[in-house]
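Everything below concerns the one structure shown next.
The values are calculated or read from the model by the stated rules, or taken from the named source; none is laboratory data. Keep in mind that this is a model prediction, so the values were computed, not measured. No Cβ is skipped: glycine too gets one built from the backbone with ideal geometry, and neighbour counts run over all protein chains shown.
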Amino acid sequence: MLVPEDDRLDEEKMLSVAKKLWIVGFFFLPWVWLINVLFFLPYRKTINEKIKWYLKFSLIGFFVYTSIFMAWMGIFLVNRNSWGERGDYLSVVIPFD
């Protein structure tokens, strides 16, 4: 449990927390979706269908965002030098060659 009050969360508060964390994840914060799923793991036997919907799509969103980011990072790291000035423009820090 994260805080002692977690044991006393009723269904309405649990739904509210799941929904808020799901919405926050859309602001390019996929790790919040993972936190959403991990937060509700102790409750997995008592969770209603509405909360399960948010948790399911939080987990799917986390994997989709993470996969896209990792693919982009791999492509960028391999090809940055061959992109020339455009690759340098996309770089935040340009390493010395």
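Annotations
- Every listed requirement among (1) at pLDDT 90 or above; (2) in contact with a helix residue (DSSP H, G or I) (Cβ under 8 Å, 6 or more places away or on another chain) is met by Trp53 save one, (2).
- Qualifying positions in segment 7-27 - among the acidic types (Asp, Glu) and assigned to a helix (DSSP H, G or I): Asp7, Glu11, Glu12
- Selection from segment 49-97 of residues that are assigned to a helix (DSSP H, G or I), loosely packed, with under 13 Cβ neighbours inside 10 Å and among the hydroxyl-bearing types (Ser, Thr, Tyr): Ser67, Ser82, Tyr89
- Of all residues in segment 56-77, exactly one satisfies the criterion of being touching a Phe, Trp or Tyr at 6+ places or on another chain (Cβ under 6 Å) and not small (Gly, Ala, Ser), namely Phe62.
- Residues that are touching a helix residue (DSSP H, G or I) at 6+ places or on another chain (Cβ under 7 Å) and more than 15 Å from Leu9 (Cβ to Cβ), drawn from segment 20-37: Trp22, Val24, Gly25, Pro30, Val32, Trp33, Leu34, Ile35, Val37
- Filtered residue count, segment 38-78, keeping only those that are more than 30 Å from Asp10 (Cβ to Cβ) and among the β-branched types (Val, Ile, Thr): 5
- Residue ID - farthest from Phe69 (Cα to Cα), chosen from residues in segment 18-48 that are modelled with pLDDT under 90 and of a type in the set (A, V, I, L, M): Ile47
- Hits in segment 39-48 - residues which are in a helix (DSSP H, G or I) and loosely packed, with under 12 Cβ neighbours inside 10 Å: Leu41
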